[in-house]
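J.: Below: one structure in structure tokens.
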Amino acid sequence: METGRWIDITQPLTNDMAHWPGDTPFRFDLGVTKEQSGSVNIGEIRTSLHMGTHADAPFHFDEAGKKLHELDVNTYIGRARIIDVTMYTSLGQNELEGYDLEGAGRLLLKTSETNNPLVFPESFIELRPDIGPYLKSVGVFLLGIDVPSVDRTDSKELQTHHSLGDNGIHIVENLMLADAEPGDYEFIALPLAIHGADGSPVRAVIRKI
């Protein structure tokens with residue numbers, strides 16, 4: 001990956017993209033056309049806030065958790081480390097102890113060789129709840145992943161969401177990391193400033209250090 005060039009690792013938002021079962025699909029339309037207005041096109045969208053590449057606010061899974069507008073934007077800008085964990089179907093402290101995470105701060109997990117935005121995955125990696133305390137112990141405060149959730153699709157307890165939240169670790173999901181090599185990068189994944197929200201789509205980019 002070329003040093004100095006920003007690389008987009010965002011799932012594009014399209015009307016035919018897959019969505020979490022039961023969630024509001026993404027839909028973009030031209031609410032007003034230039035022909036209708038005489039001057040401009042005006043688009044409108046309807047969507048779950050957890051479509052595509054997105055950030056979870058703690059309020060998403062914790063009634064007492066911070067909402068999106070209460071989060072520090074600096075969390076989502078800065079140095080990040082990508083590690084390749086594609087060989088695992090389940091990941092926790094035991095596996096992560098084999099990686100050098102010193103100084104990582106923001107950790108991005110490359111778990112899948114492909115991430116097809118048009119197909120919701122039938123299964124994806126399990127992140128075990130012991131990941132939260134371990135990541136906190138090595139100084140990680142943001143975890144990014146290239147699948148729809150840090151918990152399994154059928155989970156109601158969301159143990160890994162809570163484990164991460166309880167240890168001060170912020171969550172970004174559905175990154176596109178198939179072409180990203182392991183290593184250290186500059187990272188930007190800013191959520192929209194939606195007051196009171198439980199999450200937001202982000203535009204995620206990386207640049208090799």
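J.: Within the range 5-57, track down each residue that is aliphatic (A, V, I, L, M), in a loop (DSSP other than H, G, I, E, B) and within 27 Å of I188 (Cβ to Cβ).
T.: I9, L13, M17, A18, L49, M51, A57
J.: Taking the range 105-124 as the search range and keeping residues that are small (G, A, S) and without any contact (Cβ under 8 Å) to a residue 40 or more places away in the chain, which one is farthest from E186 (Cα to Cα)?
T.: It comes out as S123.
J.: Right, next: Is it the case, given these coordinates, that L127 is free of Cβ contacts under 8 Å to residues at least 60 places away in the same chain and touching a strand residue (DSSP E or B) at 6+ places or on another chain (Cβ under 8 Å)?
T.: yes
J.: Any idea which of N74, N116 is more than 17 Å from I145 (Cα to Cα) and of a type outside the set (D, E, K, R)?
T.: Exactly one of N74, N116 is more than 17 Å from I145 (Cα to Cα) and of a type outside the set (D, E, K, R), namely N74.
J.: If a residue must be among the hydroxyl-bearing types (S, T, Y) and free of Cβ contacts under 8 Å to residues at least 24 places away in the same chain, how many such residues does the range 67-101 contain?
T.: Going through the range 67-101 one residue at a time, the tally reaches 1.
J.: Is it the case that V150 is of a type in the set (A, V, I, L, M, F, W, C) and surrounded by fewer than 19 Cβ atoms within 10 Å (Cβ to Cβ)?
T.: no
J.: Shifting gears a bit: From the residues in the range 18-33 that are surrounded by fewer than 13 Cβ atoms within 10 Å (Cβ to Cβ) and not charged (D, E, K, R), which one is farthest from P121 (Cα to Cα)?
T.: T33
J.: For the range 101-120, name all the residues that are on the phi < 0 side of the Ramachandran plot, surrounded by fewer than 17 Cβ atoms within 10 Å (Cβ to Cβ) and not charged (D, E, K, R).
T.: Passing the criteria: T114, N116, L118, V119, F120.
J.: Moving to a separate point now. Would you check if K156 is out of contact with any helix residue (DSSP H, G or I) (no Cβ under 9 Å at 6 or more places or on another chain) and at pLDDT 95 or above?
T.: No.
J.: Would you point out which residue out of G38, G65, G92, G98 is loosely packed, with under 12 Cβ neighbours inside 10 Å, at pLDDT 95 or above and at negative phi?
T.: None of the others qualify; the one that does is G98.
J.: Name the single residue, out of those in the range 165-209 being hydrophobic (A, V, I, L, M, F, W, C) and farther than 22 Å from S112 by Cα, that is farthest from the chain's Cα centre (by Cα).
T.: Step by step, filter the range 165-209, then rank; the result is I209.
J.: Sticking with this structure for a sec: Run E2 past the list (1) more than 30 Å from Y185 (Cα to Cα); (2) in contact with a strand residue (DSSP E or B) (Cβ under 8 Å, 6 or more places away or on another chain); (3) modelled with pLDDT under 95 and report the number of the one that doesn't hold.
T.: The one condition E2 does not meet is (1).
The values are calculated or read from the model by the stated rules, or taken from the named source; none is laboratory data. Since this is a predicted model, take the numbers as computed values, not measurements. No Cβ is skipped: glycine too gets one built from the backbone with ideal geometry, and neighbour counts run over all protein chains shown.
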